[in-house]
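Working notes, structure below.
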Amino acid sequence: METLDQFLPQVWFVILALFLFLYVMLDGFDLGVGILSLTASTEKRRGILMTSLSNVWDANETWLVLMGGALFGAFPLAYSTILNALYIPILMMIFGFIFRAVAFEFREHSRRKVLWNFAFGAGSFLAALGQGFALGGVLQGIAVDEAGHFVGNTWDWLSLSSLLVALTLIQGYVLIGSTYLILKTSGELQTTHFRTAKIAAWTTLLGAGLITITTPLFFAQIRDRLFNPPQVYIFALIPFLGILLIGLLINSLNQRQEKTPFIWTIGIFLLTFFGLALIVFPYIIPIQITIYDAAAATSSLVFMIVFIGFLIPIMLFYNIYQYIVFRGKVITDNYGD
C-alpha cells in the first residue's frame, strides 16, 4: 500500500501534465488566432481567421475543464490553495473566455462588427494574460501554512517574474496561432502569418531565455535542485534543444513550408513542458506542497483512474476525428471586404 501511495500521485501528476499540455497546444492556437485578429487589416481577413476556429475551438477548451476537475479530485489541497492564491488571474482568464464566446456568436449576426471584433481579440489576450500570470504565480511559489492553506496576499502573484512568464506565454500563443494560420490560409494572408510567426519565434526565444537564466538566479531552492546531478545534465541539454527547434522552425518558415512550422512549434511547447516538469516535480505547488502531501485518498485516486481511463481515449478520438473532418484551408470566396 505504501508503494501505491507513492505511485498513484506520480501517475496523476503525469495525467494532469498531459491535460495541461493538450490544452495549451490546442486552445493555445485558438487564443493566438484571437490575439492576431486584433491586427487584421480588413473585415474579410478577420472573418477568415475566425472561420478557421469555428469548428474546433469549443472542443479545445474541454481539456481545461477536464484538468480542473482532475486537479480537484486528485489533489484537492492544491486545488483550494491555488484558487485562493490566484483568484484574480483566474477571474481574468474566465472573463476573457466569456468575452470570446459571446463575441464569437454575436459577431456572426451583427451588422456592426467592430465591438464584437474587439471583444474577441481582447478576450483572447485577457485569457492568455491571466493564464500567464497564474503560471508565473505558481512557479514563483505560494505562501502557505503548515497545513498547506494559503496565507499570502491577494497580489502575491504579481511580480516581474510572473509578468515575464505571462508575456512569453502570449508570444508562444501568437507563434502557434501563426503557424496554425499558415496551415489554414493561402495567398497574401498566409504570407502575413509567415512574418508574424518569425517575429513570435524570436520573441518567444527571448522570453524563454530570460526565464531560463533568471529562474535559477532568483529562486535558490530551484537552483539547488537544478544544479545537482542528474538534473543538471538534463537542464543543460534543454536550452540547446530549444535553440535547435527554433532554428528548424525559422528555417521552415524561410522555406515557406506549410506543415512543418506547426510541428516544430509543438516540439517547442513539448520541450518547455518537459523543462517545467523537471523544475516542479515532485511539487504540485513549488516549493511548498508535494504531490504526496496534496494527494487524495488512494481509493479515490484508483476510482478516478478507472473513470479517466475510459474518458481520455474518447476525448482524443473526438479531437483527432474533428481535425480530420475539418482539415484543409479556409475557403475565402464567401467573405467580402
### Message
Taking the criterion of being aliphatic (A, V, I, L, M), over 21 Å from TYR292 (Cα atoms) and part of a loop (DSSP other than H, G, I, E, B), would at least one residue in the stretch 135-156 satisfy it?
### Response
no
### Query
Taking the stretch 279-294 as the search range and keeping residues that are under 22 Å from the mean Cα position of the chain (by Cα) and under 16 Å from GLY73 (Cβ atoms), which one is most open to solvent (accessible area, probe 1.4 Å)?
ILE284
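Taking the conditions exactly as written (open to solvent by 20 Å² or more (accessible area, probe 1.4 Å), of a type in the set (A, V, I, L, M, F, W, C), in a helix (DSSP H, G or I) and under 24 Å from ILE308 (Cα atoms)), does LEU126 satisfy them or not?
On the way: open to solvent by 20 Å² or more (accessible area, probe 1.4 Å): yes; of a type in the set (A, V, I, L, M, F, W, C): yes; in a helix (DSSP H, G or I): yes; under 24 Å from ILE308 (Cα atoms): no.
Answer is no for this residue.
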### Query
Of the residues that sit in the stretch 44-60 and are assigned to a helix (DSSP H, G or I) and open to solvent by 40 Å² or more (accessible area, probe 1.4 Å), which one is farthest from TRP116 (Cα to Cα)?
ASP58
### Failed criterion for LEU26 (all others in (1) open to solvent by 30 Å² or more (accessible area, probe 1.4 Å); (2) modelled with pLDDT under 90 hold)
(1)
### Task
For the stretch 73-95, indicate whether the set of residues that are in contact (Cβ under 8 Å) with a residue 12 or more places away in the chain, closer than 23 Å to LEU163 by Cα and not in a helix (DSSP H, G or I) is non-empty.
yes
### Query
Counting only residues that are surrounded by fewer than 18 Cβ atoms within 10 Å (Cβ to Cβ) and small (Gly, Ala, Ser), how many does the stretch 229-266 have?
2
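For residues that are within 25 Å of LEU139 (Cβ to Cβ) and either aromatic (Phe, Trp, Tyr) or surrounded by 19 or more Cβ atoms within 10 Å (Cβ to Cβ) (or both), tally how many sit in the stretch 91-122.
So in the stretch 91-122, the residues within 25 Å of LEU139 (Cβ to Cβ) come out as 91-97.
Those still in the list that are either aromatic (Phe, Trp, Tyr) or surrounded by 19 or more Cβ atoms within 10 Å (Cβ to Cβ) (or both) too: 92-93, 95-97.
Residues that pass the stated criteria total 5.
The values are calculated or read from the model by the stated rules, or taken from the named source; none is laboratory data. These figures come from a predicted structure and were not determined experimentally. Every residue, glycine among them, receives a Cβ derived from its backbone with ideal geometry; neighbour counts consider all protein chains shown. Ligands, DNA and RNA are stripped out before the accessible areas are found, and what is left, the full protein with its side chains, is counted by its heavy atoms. Shrake-Rupley method; radii C 1.70, N 1.55, O 1.52, S 1.80 Å.
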